[in-house]
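*Asks:* So that we are looking at the same thing, I have put the structure below in structure tokens.
The values are calculated or read from the model by the stated rules, or taken from the named source; none is laboratory data. Everything numeric here is computed off the predicted structure, so don't read it as measured data. Cβ sites come from the backbone with ideal geometry, for glycine too, and all protein chains shown count toward neighbours.
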């Protein structure tokens, strides 16, 4: 699994986006690709059904006994992460699916414990290629991240996609 960062030069950003960017944030892209020994339909279900999301999604944390609860309604979703008996952070947004092979998510992370403002909204795109016993998942997460948030999200996707692969062990 490889993670790659792409930085967009300020010269090509629209003027309105430049003025709304927080200090210390720059546009970056996390790009990952993994092979999974399952058909696209099974992977799609694991990516979109809350009970499966809770199984493979792995947020970077050092808390013992922490857990994440996934929920969805219509075309929106929410991931609530609990640690030390209380809500630690939430990730929420909306999603759109195109033929089980292409998914788009808006992504907004907010911390519960310090009452801080939500981080800038970012975008996640997942594409599934393949048919029967083997599929390739391509993930792209693009947005304005601080260095720390970029590292956090990169670790989240690396850990989570590794867990997703382990849901579908190879039969060989």
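*Asks:* For region 125-138, what are the residues that are over 14 Å from residue 42 (Cβ atoms) and surrounded by 20 or more Cβ atoms within 10 Å (Cβ to Cβ)?
*Replies:* If the condition is that a residue be over 14 Å from residue 42 (Cβ atoms) and surrounded by 20 or more Cβ atoms within 10 Å (Cβ to Cβ), then 126 is the only one that fits.
*Asks:* Only one of these conditions is not met by residue 94: (1) closer than 16 Å to residue 157 by Cβ; (2) surrounded by fewer than 17 Cβ atoms within 10 Å (Cβ to Cβ); (3) modelled with pLDDT of 95 or more. Which number is it?
*Replies:* The failed condition is (1).
*Asks:* Working only within region 139-167, note down all residues that are at pLDDT below 95, more than 19 Å from residue 79 (Cβ to Cβ) and either in contact with a strand residue (DSSP E or B) (Cβ under 6 Å, 6 or more places away or on another chain) or surrounded by 15 or more Cβ atoms within 10 Å (Cβ to Cβ) (or both).
*Replies:* 144, 146 - these are the residues of region 139-167 that are at pLDDT below 95, more than 19 Å from residue 79 (Cβ to Cβ) and either in contact with a strand residue (DSSP E or B) (Cβ under 6 Å, 6 or more places away or on another chain) or surrounded by 15 or more Cβ atoms within 10 Å (Cβ to Cβ) (or both).
*Asks:* For a quick check of your reading: which strands (runs of 3 or more DSSP E) sit entirely within region 71-142 and have at least 2 residues that are in contact (Cβ under 8 Å) with a residue 60 or more places away in the chain?
*Replies:* Fully inside region 71-142 and qualifying: 122-130.
*Asks:* Within region 29-68, restricting attention to residues that are assigned to a strand (DSSP E or B) and at pLDDT 95 or above, which residue is farthest from residue 168 (Cα to Cα)?
*Replies:* Among them, the one singled out is 29.
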